[in-house]
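Written below as C-alpha cells is the structure these notes are about.
Bear in mind these aren't lab numbers, they're just calculated from the coordinates by the rules spelled out. In this text the structure is predicted, and so the values were computed from the model without any measurement. In this analysis, Cβ positions are derived from the backbone assuming ideal geometry, glycine residues included, and neighbour counts consider all displayed protein chains.
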Amino acid sequence: MTSAMRRTRAGLFALTGIALLAASSVVVVGEGDQAVITRFGAPLSVVNRFRPETPGAASGAGAVLKLPFIDRVIWLTRGLQGYSLGGSKVNASDGQVLLVDTDVTYRIIDPVRLASSLGSGQRVGEQIAAILPSLLEEQLSQRPGAVIAQPGSGGAARQVLSALDAKLRTYGVQVVDLRFGRVVWPESGQKLVFERMQDRFTREAWDIGNAGVLEARQTFYQADADAAAILQKSASQDPEFYDYFSAIRSYEANFGDPARKGAATIVIPPGSDYLKHFNGK
Amino acid sequence: MAKGESPWGDPGKDGEVGVGTAPVEADPAAPAAEPPRNPWLVPDTDSTPRRSASIDDIFRSRGGGSSGSGRSGPTLNMRWLPWLLGGSVAAWILATSVHVLAQDERALVTTMGRYTETVGPGLHFTLPWPFQTMLRQQTGSELRAQIPDKDAEALMPTADGELIDVSFQVRWRIADLKQYTFNLPDGEAAVRRLADAEMRAGVAEMSFDDVRSGKRQAELQQHTMARIQRVLDAWHAGVAVTAIEVLRAGPPARLADTYQKIAAAREKAAKDRDNAALYRDQAMQDANGRASDFDKAYASYKIAPQVTRRKLYDDMMARVLRNNTVVLGGTGAPAAAPPPTDDKPAAAQPAAQGGQ
C-alpha cells in the first residue's frame, strides 16, 4: 500500500513539476498582444510585434519557448489604445479660459524601446498626462477661444498630435489620432455665454411676437380695404339707390332685429308720412 | 535515498518523500543516479537529517494511525483516483472543446494564441484548452451607445457661438470580429470617444437653430456617421456604424425658461395671425353678401324703381314695427301702453302686444 501511495505521490509531484516547468518555459502570445522577452532585465526578443508597413499581414502570435524562471515576459497591447485627458485648462489668445478634453489614440510600435524606457504599457498614459498639458497650452494659447472651439481648433489638433507623437516615439509609441472632444468654458466663462444666449432668446421671442402683431394688423387693414372695394364696385352702379338701400338695411338691422324684440318704443305721430294713407286722407 | 528521490532537488520535499524510508524498491531508477549530481544537496547534507526527522515523525505517526484504523482505506482511494482524474480530464476536454454558437454569435478560434479561423453559429469542435481557445461574441445584434450617459447634459458650441445641449445614440455592429477583437481592444470606448468628438465637430459647423430645429439634423447625423466610419476604417477597427440618431437637441437646461418664451411668443403670434385671418374672411363674406344683396335689389330697381323702393321701405317698416312697441298718434312723448282705440292699426297691434 505504501509503495503504491509513494508511487502515486511521486507521479503527482512529477506532473506538477512538469506543468510548472512548461508554464514557465512556454509563452503563449495572443493575437492582441506583443510580448517582450527579457533575460536578466535586458530585452532578448519580441513576439508578435506590430509592423506598421503590413498591418493586415499574418501575425507572429503563437507559442514560443523561453528559459524557465530566468527569462521574463513584458506584455504589451498590440492593438490601438485610447487615452483621454479631461478638462485641461487652456488660456486662449483673447483671454478666454477654456477646458479642453483630449482623446489620444496610440499604438505601441517599438515594444523593446517601451519596455526598456517605461517598463510597462500602463505607464504610457502617465506619460501622456505629463506631456500633453504643456503641448496644449503651447499650441492653443496662440488662438482665440472661438477658433479653439471649432473642430480641429484651427489646425491645433494636428500640431499637438505631431508634437506628442515626436515625444512619445522615444518610448516606442506612435500617436495615431488626437482630437479635442469637449471644449467648454469654465463656469465663469459659461456665464457670459449664457447671458448672451438669454438676451438672444428674449429678443427672438419679442421679435416673433411683434411680427405676429404687425402681420395681424396688416391683415385687418387689408380686409377692410378689400371689403370697401367690393362694396364700392356694386355701389358705383347707382350711388343714389345705394344710399337709399343701405339706409333701409341699416334701419332694418338696428330696429327690426327680432333678437331685441320690444327694446324700443316707436312713436308714430298722426301726421307722419307712414300713416298718410292710414289717416284716410 | 530519501534525498535522492526528489527529482527537482527541492530539499523541502525531502521530508515527505522520506515517509517510506524502508521500501525503496518503488523508487524510479532515474533519481537513484541523481544524488551526487544534485548541487543543492551538498550544503544540506549535515543539516537535513535533523530537520527532516521531526517531519518524518509526524508522517510516521499519521501513517501508523491510518493503517491501524483500516488497511482498505488507502487502497480504495487509490482505486478511485484514476477514475476521478480521468473523469475530470474528460469533463475538461468536453467543456473546452465542444462549442455551440447561437444564431447571432460568432467566435474566433486561436491555436496557442494564434488566430486560426472565425466560425459562425452551430456546433464546433476545437482542441481542448490550452491548445485551442474560442472567443465568442454576439455579432448579430446591434450595439448601442448613448452619448452622453443617461440624462447628463452635453453642451456643444455651435458655429454661431451658442451652446446647445445634444444627446445622441450611435448604433453599430461588429463587421469583422477579428479586427474588432485584436485591433481595437476597447472597441466600445473607442467608438464612444470618436462619436462624441465627431458630433461636436459636426455641431460646431452648424448654427444653433440648424441643430435645434431639426432642419439640418439629418445632415448632421449623416455627416457624423460618415466621418466616424472613415476613421474606424482607417484603424481597421472592424466596426460598421449603422446609424447615428440625435435624441435631443435643445438649449441648456438653465435657459429652458427663457427659451420657453420663444415658443410662447410663436404660439401667440400664430393666434394673432389666425384671428386676423378669421376677421378677413368674415369681412369678405360680409362685403360680398352686402354687395350681392344690393346687386339683386338693383336689378329689380332698374326694372321697376318705384315699386322696388316702396317694397324695400314697407318690408323694413314691417319688421321694425313687428319687433317694437309702437305708439300711434302720440306727440313724441313715450306712452305707457298703446291705446287700442281703433281696430285699424291691426297690423301693428298684435306685434306691439307680443312685444309687451
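Results, tabulated for the structure shown:
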item: Cα long-axis angle, helix A:156-169 against chain A (0 to 90 degrees, to the nearest 10); result: 10
item: Per-residue mean of C-beta atoms belonging to partner chains within 10 Å, peptide B:200-213; result: 2
item: Cα principal axis extents for chain A, largest first, Å; result: 160, 66, 38
item: The range A:223-281, Rg to Rh (Cα coordinates; Rh as Kirkwood inverse mean 1/r); result: 1.15
item: Residue-wise HN-Hα coupling along the range A:125-137, computed from phi with Karplus coefficients 6.51, -1.76, 1.60 (Hz; x: Gly, Pro); result: x, 4, 4, 4, 4, 7, 7, 4, x, 5, 5, 4, 4
item: Centroid-to-centroid separation of the range A:90-159 and the range B:127-206 [C-alpha atoms, Å]; result: 21
item: Average beta carbon contacts from partner chains per residue of A:24-35, 10 Å cutoff; result: 4
item: Paramagnetic label zone (point 7 Å from Cα along Cα-to-C-beta, A:Phe220; backbone N under 19 Å) in the range B:283-298; result: B:283-287
item: Whole-Å semi-axes of the range B:261-303's equivalent ellipsoid (Cα gyration tensor); result: 41, 4, 4
item: All lysines inside 18 Å of A:Lys276 as judged from Cα atoms, apart from same-chain residues fewer than 8 positions distant; result: B:Lys311, B:Lys344
item: Long-range HN-HN contacts of A:Asp33 with modeled amide H, under 5 Å; result: A:Arg78
item: Of A:Lys89/A:Lys167; B:Lys215/B:Lys261; A:Lys66/A:Lys167; B:Lys150/B:Lys268; A:Lys233/B:Lys268; A:Lys191/B:Lys150, those spanning more than 28 Å from alpha-carbon to alpha-carbon; result: A:Lys66/A:Lys167; B:Lys150/B:Lys268; A:Lys233/B:Lys268
item: Interchain or long-range residues, amide H under 5 Å from A:Ile268's placed H; result: B:Val327, B:Leu328, B:Gly329, B:Gly330
item: Residues whose placed amide H lies under 5 Å from that of B:Met206, excluding near-sequence neighbours; result: B:Ala159
item: Ranking of A:Ile131, B:Ile244 by count of other Cβ atoms within 10 Å, fewest first; result: A:Ile131, B:Ile244
item: Ranked packing of A:161-172, B:137-148, A:14-25, most packed first, by mean Cβ within 10 Å; result: A:161-172, B:137-148, A:14-25
item: Ordering of A:108-116, B:304-312, A:190-198, B:155-163 by packing [mean C-beta count within 10 Å, highest first]; result: A:108-116, B:155-163, A:190-198, B:304-312
item: Cα convex hull of the range B:97-138 - mean projected area over all directions, nm²; result: 2.4
item: Compactness of the range B:143-250 - radius of gyration and Dmax, Cα, Å; result: 13.9, 43
item: Modelled FRET efficiency - R0 56 Å, A:Ala19 with B:Asp257, Cβ distances, 0.05 increments; result: 0.20
